[in-house]
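> Questions regarding the structure given below will be posed in turn.
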Amino acid sequence: MNTDHWTLEQREAKSLEVLQAALKQFAPNEIAIAFTGGKDSLVALDLLRRASNGKIALPVLHVDTTVDFPEIYEYRDRLAREWGLQLVVHQNREALAEAPPTDDPKFCLFCTTRLKTEALNQAIQKYRWRALITGVRWDEHPARSQESYFSPRPDHIRVHPILHFREGDIWDYIEKYKLPYCVLYDRGYRSLGCLPCTKPMSDSAGPERGGRGTDKEGMMERLRALGYF
């Protein structure tokens, strides 16, 4: 599917179509949406709100590594209050007890595999969700470029309503609907990960995720096979 020349309105319409199909297929207690506090999950969340006639009745999952930026926690909680979200926060407590110090070179990979991926799988099993909506995009990382809108996993289905959005489309959407976004984007960050593994980017022409931990980015295919976004 070539979406290069789609207008923002066409991208919105396709996303709403995907979300409405998911809402018809799964009962509210069978499906959740992941929210990281980033720009992509914000747009996915707002599109879900529109597809749900202004009220999100699904659980909104935040996988908490405990080392997110303070600004992300503040933003997450504020948005949950203002939008009336059914926020579900999940931590991998066993892994947290085994985590290396955040300044250890091994921490970033440990965080992604144990505190994010393993925790995500735990939450899906704990709440018996049959589907999970995410803010994955085709152009964000090569490992995501072949994703489908409805992507089967061993025990659930991933729903990806904004695959066809590009980075610029995300910001056009946020501006169009005046959505409140995390203040870190105004400080030079283009992609938000955990505090120890993410830095602002001075080069706006470089890779969108160039400020993320290089170990994790190089293993994205393997991480996604384990359940990572």
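The values are calculated or read from the model by the stated rules, or taken from the named source; none is laboratory data. Bear in mind the structure is a predicted one, so any value in this text is a computation, not a measurement. Here the Cβ positions follow ideal geometry from the backbone for every residue, glycine too, while neighbour counts run over all protein chains shown.
> Scan the range 10-24 residue by residue and report those that are exposed (fewer than 15 other Cβ atoms within 10 Å of the Cβ) and under 18 Å from TRP138 (Cα atoms).
The answer is GLN10, ALA13, GLU17.
> If you don't mind, another one. Taking LYS116 as the residue in question, decide whether it is basic (Lys, Arg) and without any contact (Cβ under 8 Å) to a residue 40 or more places away in the chain. Let's see the steps before the verdict.
On the way: basic (Lys, Arg): yes; without any contact (Cβ under 8 Å) to a residue 40 or more places away in the chain: no.
Judged against the criteria, LYS116 is not a match.
Yes/no matrix, rows are residues, columns are (1) closer than 18 Å to ALA34 by Cβ; (2) of a type in the set (Gly, Ala, Ser):
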| position | (1), (2) |
| --- | --- |
| THR66 | yes, no |
| PRO70 | no, no |
| GLU74 | no, no |
| ALA80 | yes, yes |
| LEU85 | yes, no |
| HIS90 | yes, no |
| PRO100 | no, no |
| ASP104 | no, no |
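> Only one of (1) modelled with pLDDT under 95; (2) of a type in the set (Val, Ile, Thr); (3) under 25 Å from ARG49 (Cβ atoms); (4) out of contact with any Leu (no Cβ under 7 Å at 6 or more places or on another chain) fails for THR134. Which number is that?
All conditions pass for THR134, except number (1).
> Hey, another quick one. If the Cβ limit is 8 Å and pairs must be 6+ apart or interchain, which residue in the range 53-66 that is more than 30 Å from PRO100 (Cα to Cα) pairs with which residue that is in a loop (DSSP other than H, G, I, E, B) and not aromatic (Phe, Trp, Tyr)?
As it stands, the answer is LYS55/GLY84; ILE56/GLY84; ILE56/LEU85; ALA57/PRO28; LEU58/PRO28; LEU58/SER52, since those pairs meet every condition given.
> Can you tell me which residue within the range 1-16, out of those that are in a helix (DSSP H, G or I) and more than 19 Å from the chain's Cα centre (by Cα), is nearest to LEU120 (Cα to Cα)? Reasoning before the result, please.
Keep residues of the range 1-16 that are in a helix (DSSP H, G or I), which gives 8-16.
Pick out the ones that are also more than 19 Å from the chain's Cα centre (by Cα) and you get 8-10, 13.
Values: LEU8: 31, GLU9: 32, GLN10: 31, ALA13: 29 Å.
Looking at residues that are in a helix (DSSP H, G or I) and more than 19 Å from the chain's Cα centre (by Cα), I get ALA13.
> Among ALA80, ALA95, ALA131, which is aliphatic (A, V, I, L, M) and farther than 30 Å from ALA21 by Cα? Please lay out each step first, then the result.
Values: ALA80 fails: farther than 30 Å from ALA21 by Cα; ALA131 fails: farther than 30 Å from ALA21 by Cα.
Going through ALA80, ALA95, ALA131 in turn, just one is aliphatic (A, V, I, L, M) and farther than 30 Å from ALA21 by Cα: ALA95.
Let's see how each residue does on (1) touching a residue at least 40 places away in the same chain (Cβ under 8 Å); (2) farther than 26 Å from ARG187 by Cα:
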{"position": "ASP77", "(1), (2)": "no, no"}
{"position": "HIS90", "(1), (2)": "no, yes"}
{"position": "GLU98", "(1), (2)": "no, yes"}
{"position": "LEU120", "(1), (2)": "yes, yes"}
{"position": "LEU132", "(1), (2)": "yes, yes"}
{"position": "HIS156", "(1), (2)": "no, yes"}
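> crowded, with 20+ Cβ neighbours inside 10 Å, without any contact (Cβ under 8 Å) to a residue 24 or more places away in the chain and among the small types (Gly, Ala, Ser): is that true of GLY193 in this structure? Before the answer, list the steps.
Values: crowded, with 20+ Cβ neighbours inside 10 Å: yes; without any contact (Cβ under 8 Å) to a residue 24 or more places away in the chain: yes; among the small types (Gly, Ala, Ser): yes.
Spelling it out, GLY193 is indeed crowded, with 20+ Cβ neighbours inside 10 Å, without any contact (Cβ under 8 Å) to a residue 24 or more places away in the chain and among the small types (Gly, Ala, Ser).
> Among the residues of the range 128-142, count how many are over 15 Å from the mean Cα position of the chain (by Cα) and surrounded by 15 or more Cβ atoms within 10 Å (Cβ to Cβ). Spell out how you get there, then give the answer.
In the first step, residues of the range 128-142 are kept if they are over 15 Å from the mean Cα position of the chain (by Cα); the result is 128-130, 142.
Pick out the ones that are also surrounded by 15 or more Cβ atoms within 10 Å (Cβ to Cβ) and you get 129-130.
Number of matching residues: 2.
> Could you please tell me which pairs satisfy a Cβ distance under 7 Å, a separation of 6+ or placement on different chains, a first residue in the range 17-32 that is among the polar types (S, T, N, Q), and a second residue that is in a helix (DSSP H, G or I)?
Between residues of the range 17-32 that are among the polar types (S, T, N, Q) and residues that are in a helix (DSSP H, G or I), the close pairs are GLN20/ALA51.
> May I ask you to verify whether GLU82 is at pLDDT 95 or above, over 27 Å from ALA27 (Cβ atoms) and of a type in the set (Asp, Glu)? Let's see the steps before the verdict.
Working: at pLDDT 95 or above: yes; over 27 Å from ALA27 (Cβ atoms): no; of a type in the set (Asp, Glu): yes.
So GLU82 does not fit the description; no.
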